[in-house]
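K.L.:
Dropping a structure here in structure tokens format, bear with me for questions.
Every read-out reported here was derived from the displayed coordinates using simple, explicitly stated rules and does not represent laboratory data. These numbers were taken from a predicted model, which means no experiment stands behind them. We place every Cβ from the backbone using ideal geometry, glycine too, and count neighbours over all the protein chains shown.
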Amino acid sequence: MKRYQTVCLSFVGLFLAIGASHASVGYWRCTQSHGGLACRSFLSDAVAGWSLAANVLQGIAFQANKIEL
């Protein structure tokens, strides 16, 4: 199972980044047409998506640099 962990985490990270990009584009389009408080849900979706993607990438980085105890 350990040999598949990096691949699985990479797959999850890629799709989280795609979802976060989609939310970011939605936020950008909202600010171009409406602006203001109408865009808050798009902004929170984008921030949450990028935070999740960053957590997965951090997991990959720590897994690649394991410290043997």
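K.L.:
In the chain, what cysteines have no partner Cβ closer than 4.7 Å?
P.N.:
Cysteines lacking a close Cβ partner in the chain: C8.
K.L.:
OK, next. Order of Y4, Y27 from fewest to most other C-beta atoms within 10 Å?
P.N.:
Sorted ascending by nearby Cβ count, the order is Y4, Y27.
K.L.:
Remind me, relative contact order of the range 19-62 in percent, using alpha carbon pairs under 8 angstrom and six or more residues apart?
P.N.:
Normalised by residue count, the contact order of the range 19-62 is 47 percent.
K.L.:
Could you please state, rounded to a whole Å, how far the C-alpha centre of the range 42-60 is from the C-alpha centre of the range 1-30?
P.N.:
Value for the Cα centre distance between the two parts: 8 Å.
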